[in-house]
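Below you'll find the structure, written out as structure tokens, and then a few comments.
Throughout, read-outs are computed from the coordinates displayed, never taken from laboratory work. Remember, it's a predicted structure, so these values are computed and weren't measured experimentally. Here the Cβ positions follow ideal geometry from the backbone for every residue, glycine too, while neighbour counts run over all protein chains shown.
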Amino acid sequence: MPHRLAHIKDWLGLARQAQWSVLKLARLCQVSDRTLERYFLDEYRQLPHTWLANQRHQYACELLREGHSVKFTASQLGYQHANSFSRAFKNVTGQKPTEFTRPDKNEPPSPLNDG
């Protein structure tokens, strides 16, 4: 018998709507946080908190690569302060968000940018 959460396809959209919170995600899915935990362990082999943190970080990287500011990215990820986001980002990646999209200083300039 399929799990009652198996029909959900847009987990990332739900994660954003739940503001990256396990409890809010469980409420949106109309299940307990324990049911959500069991489902994620079965389907993704990780706890919902871990999955949410990974997805949140990937979304941050995507926004920064698209050229969005640190302040905008922080707000999209539910951080009230850009400094809190910057600290969390650096803890995961080892670099500041402002350094994340900056080209490597040792890399030769792109022929497309020499213009």
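With coordinates expressed along the principal axes, the C-alpha atoms belonging to the stretch 19-92 extend over 37, 21, 20 Å, beginning with the largest.
Positive-end ranking of GLN30, HIS3, TRP20 along the dipole of the chain, with charges on Cβ about the Cα centre, is headed by GLN30. Spatially close Lys pairs in the chain, defined by Cα atoms under 22 Å apart and a spacing of eight or more places or different chains, total 5. Using a cutoff of 8 angstrom between alpha carbon atoms and counting only pairs six or more residues apart, the relative contact order for the stretch 11-95 works out to 21 percent.
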